[in-house]
Amino acid sequence: MRPESISIAGSLGTPPRIEAAAPRRFHASRHVTGWLLAAPLLIVLLAFLVLPILMIAVVSFWTATEFSIVPDFSFENYSFLLGSDVTWRVLLNTVKYAVITWAITLTLGFTVAYFLAFHVRSQTWQTALFLLCTIPFWTSNIIRMISWIPFLGREGLANSALLSWGVIDAPLDWLLFSDFSVILAFVHLYTLFMVVPIFNTMMRIDRSLLEAANDAGARGFQTLWNVVLPLTRPGIMIGTIFVITLVMGDFITVRFMSGSQSANVGRLIQNDIGLLQYPSASATSVMLLIVTLMVIGVLLRLVDIRKEL
C-alpha cells in the first residue's frame with residue numbers, strides 16, 4: 001500500500017474515535033449526576049436507618065450491670081436468649097400471630113380488592129368506597145384498638161347480644177384478653193395494608209385477558225385462579241411483607257388486647273428497655289430483625305417484585 005493511502009486511511013479513521021469518545025463522556029457525566037441526585041436520600045438513609053441499626057448491633061454485644069452498661073464485647077446476651085425456653089416460646093407466639101393475621105388479612109384484602117376492581121364499574125364509586133376503607137385510619141391505632149374492649153367484655157355489646165338472642169347461656173370470657181382479641185385487633189389495624197397493594201395490582205390487569213378467558217370457556221373460579229391470581233402475586237407479596245413486618249414488631253396491641261397475659265418479641269424488648277437493660281433489648285431486636293429479614297427474603301425469592309411491577 002502506498003504511503004498516500006495509509007495517510008488517507010488514518011485521516012479517515014480519526015473522526016470515528018473522536019465521535020466514540022463523546023458518548024462515553026456523556027454517560028460518565030450522567031452517572032455522576034445520578035449519584036449527586038441520590039446523595040441527599042443516601043445520606044438520610046445512612047444517618048437514620050443504617051447507622052442506628054449498626055449501633056443496636058454493637059450495643060447487643062455489650063453487658064449490663066445493675067448500675068451501668070459495660071462496653072465490652074461479649075456473647076452473653078445472645079447465649080442467654082438462645083438458651084432460654086421463654087425466648088423460643090415467645091418467638092413461636094410472635095410467628096403464630098403473624099401467620100394467622102396474614103391469612104385472615106389476605107382473605108379479606110383480596111376479597112375487598114377484587115370487589116372494588118372488577119365489580120364496581122364507576123370510578124367515582126371505586127374512589128368513594130376506597131376512601132371509606134381508609135376512614136378508620138383517620139384516628140389513632142390505640143383508639144381503634146381500645147374501642148374493641150367495651151364491645152368484647154363480659155358486659156359488652158357482643159355478649160349482651162348473644163345472651164339476648166339465646167345463643168349462649170353465660171358470657172364468653174375468651175372474647176377479650178385472649179389470643180382471639182389480639183388477632184382481631186391486628187386484623188382491624190392492618191387489613192388495609194393488604195387491600196391497597198392488591199387493589200393497585202388488580203387495576204393494572206388488562207381486562208381483555210378476562211374476556212379471552214371467558215371466550216375460551218373458563219368459568220369464574222378458573223379465571224380467578226389461572227388469570228387474576230397469578231397477575232396479582234406482586235401485590236399479594238407487597239401486602240404480605242407489610243402485614244408480617246408490622247405484626248412482628250407490634251407490642252402495644254399484644255399488651256392491651258391480651259391483658260398482659262400473652263407476649264411477643266416486641267414485649268420482651270419493651271420489658272428490657274423498661275428495666276434499662278439496653279444490651280439485652282438490643283440483642284432481642286437483632287434477633288427479631290434477622291427473623292423478619294429471613295421471612296422477607298423467602299417471600300422475595302417467590303416473586304421478583306421489581307420485575308413484576
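Thr33 meets the stated requirement of being hydroxyl-bearing (Ser, Thr, Tyr), over 30 Å from Arg255 (Cα atoms) and assigned to a helix (DSSP H, G or I).
Every test in (1) touching a residue at least 60 places away in the same chain (Cβ under 8 Å); (2) under 24 Å from Ala170 (Cβ atoms) is passed by Cys133 save one, and that test is (2).
Of the residues examined, Asn226 is not one that is free of Cβ contacts under 8 Å to residues at least 40 places away in the same chain, polar (S, T, N, Q) and within 23 Å of Thr127 (Cα to Cα).
Count of region 167-203 residues, restricted to those that are touching a residue at least 24 places away in the same chain (Cβ under 8 Å) and either over 20 Å from Thr139 (Cα atoms) or surrounded by fewer than 17 Cβ atoms within 10 Å (Cβ to Cβ) (or both), is 11.
When Val90 is tested against (1) in a helix (DSSP H, G or I); (2) out of contact with any Lys or Arg (no Cβ under 8 Å at 6 or more places or on another chain); (3) at pLDDT 90 or above, only condition (2) is not met. When region 54-98 is limited to residues that are free of Cβ contacts under 8 Å to residues at least 40 places away in the same chain and among the aromatic types (Phe, Trp, Tyr), the one that is nearest to Leu276 (Cα to Cα) turns out to be Phe67.
For region 37-87: of the residues being of a type in the set (S, T, N, Q), closer than 14 Å to Leu268 by Cα and in a helix (DSSP H, G or I), which is nearest to the chain's Cα centre (by Cα)? Residue satisfying both the conditions and the ranking: Thr87. Pairing residues of region 272-291 that are touching a residue at least 40 places away in the same chain (Cβ under 8 Å) and closer than 14 Å to Thr65 by Cβ with residues that are crowded, with 19+ Cβ neighbours inside 10 Å and of a type in the set (D, E, K, R), at Cβ distances under 6 Å and at least 6 apart in sequence or on separate chains, gives Ser280/Asp272. Here Pro234, Pro230 are screened, and the one residue that is crowded, with 17+ Cβ neighbours inside 10 Å, over 30 Å from Ser84 (Cα atoms) and assigned by TED's automatic domain parsing to the domain that holds Phe199 is Pro234.
Taking the criterion of being surrounded by 15 or more Cβ atoms within 10 Å (Cβ to Cβ), modelled with pLDDT under 90 and closer than 23 Å to Gly239 by Cα, would at least one residue in region 144-156 satisfy it? For region 144-156, residues surrounded by 15 or more Cβ atoms within 10 Å (Cβ to Cβ), modelled with pLDDT under 90 and closer than 23 Å to Gly239 by Cα: present.
Got at least one residue in region 53-76 being more than 27 Å from Ser282 (Cβ to Cβ) and either β-branched (Val, Ile, Thr) or touching an Asp or Glu at 6+ places or on another chain (Cβ under 7 Å) (or both)? No: zero hits.
One residue stands out in region 238-255 among those that are buried (at least 21 other Cβ atoms within 10 Å of the Cβ) and more than 8 Å from the chain's Cα centre (by Cα): the one that is nearest to Thr105 (Cα to Cα), namely Val247.
The values are calculated or read from the model by the stated rules, or taken from the named source; none is laboratory data. Since the structure is predicted, the reported quantities are computational estimates derived from the model, not experimental observations. All Cβ positions, glycine included, derive from the backbone under ideal geometry; neighbour counts span all protein chains shown.
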